[in-house]
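The values are calculated or read from the model by the stated rules, or taken from the named source; none is laboratory data. Since we're looking at a predicted model, the values are computed, not measured. Using ideal geometry, Cβ is built from the backbone for each residue, glycine included, and neighbour counts are taken over all protein chains shown.
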Amino acid sequence: MTEAVLKQEVVAARGIKVTFGAVKALDGADLIIHAGECVGLVGHNGAGKSTIVNVINGGLSPHEGEVSYGGGSGEHGISVARANGVRCVFQELSLCPNLTVNENVRVTHSELKGWNWRARALELVRRQLEEIFPGHGIDCDSTVDDLSIAERQMVEIAISFSGANERPKLVILDEPTSSLDAGLAAQLMAYIRRFVSEGGAVLLISHILGEILSTSDRIVVMKDGRVVADRAAKEFSTRSLVEAMGNVVRELEWQRSATARSCAPVLTMPPRKGHGLPFEAHRGEMIGLAGLGGHGQTEALLDLYLSGNSNWWPERQRDIAFVAGDRSLNGTFPLWSILKNLSIASLGQLSSRSLVDQSREDLLGASWKKRIEIRTPDMVNRILSLSGGNQQKVLFARALATTAKIVLMDDPMRGVDVGTKQEVYEILRAEAKSGRTFIWYSTEMDEIRLCDRVYVFREGAIVAELTGDEITEKNVLAASFHGDEAA
């Protein structure tokens with residue numbers, strides 16, 4: 001790769017300003033990406049990352065500033081960005097759920113024409129999936145709605161990196177591993193490095209700082225709509241990167257409960273699939289569900305939820321609350337306000353004579369807006385006005401605002417920034433000490449290590465139980481691949 005090619009601008013956004021009413025989403029931000037580099041983009045939820053991505057991909061016109069592709073200038077828009085090789089994988093996946101995988105390829109790659117376009121689309125996505133995620137096992141003839149959220153993420157990534165006639169020049173990845181387990185995430189990071197070494201460019205947005213530091217050539221930090229740092233990745237450490245974002249680094253420590261198992265369990269489940277270990281949780285415990293993605297963790301959470309709640313008749317006081325992992329599918333009510341999305345699970349305690357007390361609802365919303373730092377000027381704004389991470393905060397607050405003694409969480413920190421994660425961990429500590437029980441599926445090992453006990457899933461069954469110092473990435477992976485022989 002020649003120095004001239006490496007220095008060639010793929011896209012440049014200079015002096016970009018975007019406002020939404022009184023909110024300055026971007027306030028003079030600059031972002032320049034060259035061929036042959038991976039640029040890591042980090043910042044709080046609401047720092048302006050998604051807005052500048054929408055400017056670069058042509059979906060949003062800046063109120064001030066200039067966007068250019070390939071060193072040119074003037075034209076801007078989605079068709080212009082796409083013609084210049086810009087592809088984007090959004091945090092909120094954009095596949096059509098009622099179409100097959102290869103039909104979704106055709107939606108993205110309109111150049112696939114002729115009587116045999118289905119076969120060509122199928123071959124294109126199969127080849128790209130195998131290149132990025134070898135051994136993926138995805139049936140590309142299946143309907144997207146039949147795929148797990150991790151498989152959908154893999155398919156959208158593969159479609160964006162593929163090209164019917166020519167490969168993309170820039171691929172923007174917004175939280176690309178939020179639903180992937182450690183093994184799949186490692187495969188993707190390795191492919192990104194290969195793609196960049198061949199002259200491609202990647203803009204990587206992730207709250208998993210280890211991925212940013214290990215994969216990026218350069219890191220750009222945004223805060224309040226501005227770029228506050230832009231340096232080579234080797235000049236950052238995890239601590240300095242967190243501090244550049246405006247956070248104080250806190251050590252992730254969990255004072256594991258020593259007496260939690262001295263009483264009867266508050267929730268139990270027999271061995272799944274007719275084999276493996278039974279599940280039980282005690283008052284004040286944090287229970288982690290681990291293992292490779294798609295091995296039954298979410299299904300176990302749903303079964304636990306239905307064991308304590310009616311599936312068809314709402315109850316005034318629920319014993320179990322649930323934080324959904326796929327917020328766009330089964331988490332948010334897109335036509336509702338932020339406040340209504342937050343308070344929906346607490347209407348029983350906010351009502352008198354079957355009417356919601358508006359003042360109490362407003363007080364609940366204001367309390368959790370401050371406590372969990374939901375970045376919005378007004379809680380009556382639509383939920384979709386928030387960034388993905390802030391939407392996830394609302395779902396988390398919805399569950400914690402209830403009186404439920406047990407909270408089930410299906411990867412609730414997807415797309416949430418590191419500062420908010422630290423604050424939420426503190427809330428979990430306090431709630432667990434007061435007797436609340438948390439059962440938590442997470443794809444991030446740092447979160448699994450915070451738990452008192454961890455159940456490892458393999459092929460739909462619990463194959464290992466880890467406690468205390470046994471909770472390590474090595475033991476989780478060993479149990480994930482070797483079943484009962486592990487741990």
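Quick rundown of the values:
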read-out: Only listed residue being of a type in the set (Asp, Glu) and at pLDDT below 90, chosen from Glu198, Glu175, Glu131, Glu156; value: Glu175
read-out: Selection within the stretch 157-166 - touching a residue at least 60 places away in the same chain (Cβ under 8 Å), surrounded by fewer than 22 Cβ atoms within 10 Å (Cβ to Cβ) and of a type outside the set (Gly, Ala, Ser); value: Glu166
read-out: Residue list for the stretch 38-75, filter: surrounded by fewer than 18 Cβ atoms within 10 Å (Cβ to Cβ) and assigned to a loop (DSSP other than H, G, I, E, B); value: Gly59, Ser61, His63, Gly70, Gly71, Gly72, Ser73, Gly74, Glu75
read-out: When residues of the stretch 245-261 are limited to those that are surrounded by 15 or more Cβ atoms within 10 Å (Cβ to Cβ) and over 20 Å from Val424 (Cα atoms), the one modelled with the lowest pLDDT; value: Ala260
read-out: Wholly enclosed helices (runs of 4 or more DSSP H) of the stretch 314-367 bearing at least 3 residues more than 30 Å from Glu151 (Cα to Cα); value: 338-343, 347-350
read-out: Criterion: out of contact with any strand residue (DSSP E or B) (no Cβ under 9 Å at 6 or more places or on another chain), small (Gly, Ala, Ser) and free of Cβ contacts under 8 Å to residues at least 24 places away in the same chain - qualifying residue of Ala430, Ala397; value: Ala430
read-out: Filter pass, Glu285 being surrounded by fewer than 21 Cβ atoms within 10 Å (Cβ to Cβ), of a type in the set (Asp, Glu) and either within 19 Å of the chain's Cα centre (by Cα) or modelled with pLDDT of 90 or more (or both); value: no
read-out: Flag for Lys421 being at pLDDT below 90 and more than 30 Å from Ser328 (Cβ to Cβ); value: no
read-out: Residue list for the stretch 19-45, filter: among the β-branched types (Val, Ile, Thr) and in contact (Cβ under 8 Å) with a residue 60 or more places away in the chain; value: Val23, Ile33, Val39, Val42
read-out: Selection count, the stretch 104-114, where residues are buried (at least 18 other Cβ atoms within 10 Å of the Cβ) and under 26 Å from Gly388 (Cβ atoms); value: 4
